[in-house]
Amino acid sequence: MDPQATTLMLENTFFVFTENKGFIVPRAEYESIQPEGGFLSVKRSSLSAEAGCDNERVLCILCHEETKPEDMVSPLCRAMHFVICRECVQDIKERKNRVVVECPFCREKTSKKEYHSEIMETVFSLRAQQTLLGLEVRPDMEIESVAELTLNSKVVLCNISISDRLFLLLISRTKMDIRGRISLFGHSNTSICCRAGLANETSYRIYICTNEYNKEEVENTKTVQKRRINIEARRINVKEKRVCILLKHCTVDACYCSLGITEKKYIEEILGDENPRAWSWRVGNLKLRGYAVNLLPKLVENQVQELSLSAYSSGHITTILETEDRSVWVGKVRALFLDEYAVETLPKLEFHEENVMEELHLCADDSGQISRILKAEDRSVWVGKA
């Protein structure tokens, strides 16, 4: 997880995720520590106990005045070595050329954003009155006080649209229960990350990457029923760890989709699925890289106008080479790009009998990348009109 805090906004509530914890926070509570200008503002007493400086003098680093426990201050580090008092913060914000103020003891250890994350985690941990056991996410939901989210918190999503970022954080940090269907849309830092009903517009870009989550954190994906998640976007970028387990539950409709997998273990569960067509995808331009090439036979409704397969070692295509020739249906394809070892998959592809291909690109660096296809009989590979 990113060491910086991630904040996601609903109408009256905020989700806040730090490196180690997750919280759901009322708007008033969140805004009380988030004034303009990028300075966190907290009551000094909120952090003094955590920092072990209850009985110590805490000075403003600019005016050198001693702060009181009830004063609102902007800490420069979690250890509370120095703070900026409210008056000095206001003075900095009014300047045209702002000065950079850092704790002289901690400035080389972590960034300002990491300090903010640590401070927010401390403040919300102190304010959290409960560990949330259950919650139904709605755009207009309200809570009375800060609550902590854990892997035991049950979060219900029912017939709503949710940003890709919030979805991945919730599915990795809580027990997610999808009822009915949900739609994913591309996250924006300036927009509400949850909407009522299923999305009726196409997102420009959706990004799904589970690299930063461990195995336990994505265990939720195995409990989601298939076809419960709609993804409709102009561009979808997907890559790496265990993301394939998640995507098998999705209905995808996109103009462009790119999927890259560098280790075979990340696709073994999909390849072992008894259902020959595990994924429901309708993509105009599909790009599969590395071990992801082996997933092509698993696609349902793979009506692809442009298909690009890239394999950088013979191991990337071992599974698809085990299929029979002309057994992987790709239908009508306007443009086909096969790079390096992926050229060997050409005999496995089955095209529509009326297929007319405008572009056919075969690129191999040496004969070793096409050794199998060189042994095929002449005129045994059919792609339609090209």
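All of the numbers you see were taken from the coordinates with simple rules; none came from a lab. Everything quoted here is computed from the prediction, not taken from an experiment. Note: ideal-geometry Cβ built from the backbone for every residue, glycine included; neighbour counts use all protein chains shown.
Around L166, with a cut-off of 12 angstrom between Cβ atoms, what is the net charge of the other residues, counting Lys and Arg +1 and Asp and Glu -1?
+2
Using the count of nearby Cβ atoms within 10 Å as a rough guide to exposure, how do Y256, Y30, Y341 rank from fewest to most?
So the residues, fewest neighbours to most, are Y256, Y30, Y341.
Which residues' amide hydrogens lie under 5 Å from the amide hydrogen of S153, considering only partners 5 or more residues apart or on another chain, with H built in the peptide plane?
K175
Going by C-beta contacts inside 10 Å, put V293, V42 in order with the fewest on the left.
Least crowded to most crowded, the residues run V42, V293.
Within the range 169-193, whose backbone N sits under 19 Å from a point 7 Å along Cα→Cβ of M141?
169-188, 191-193
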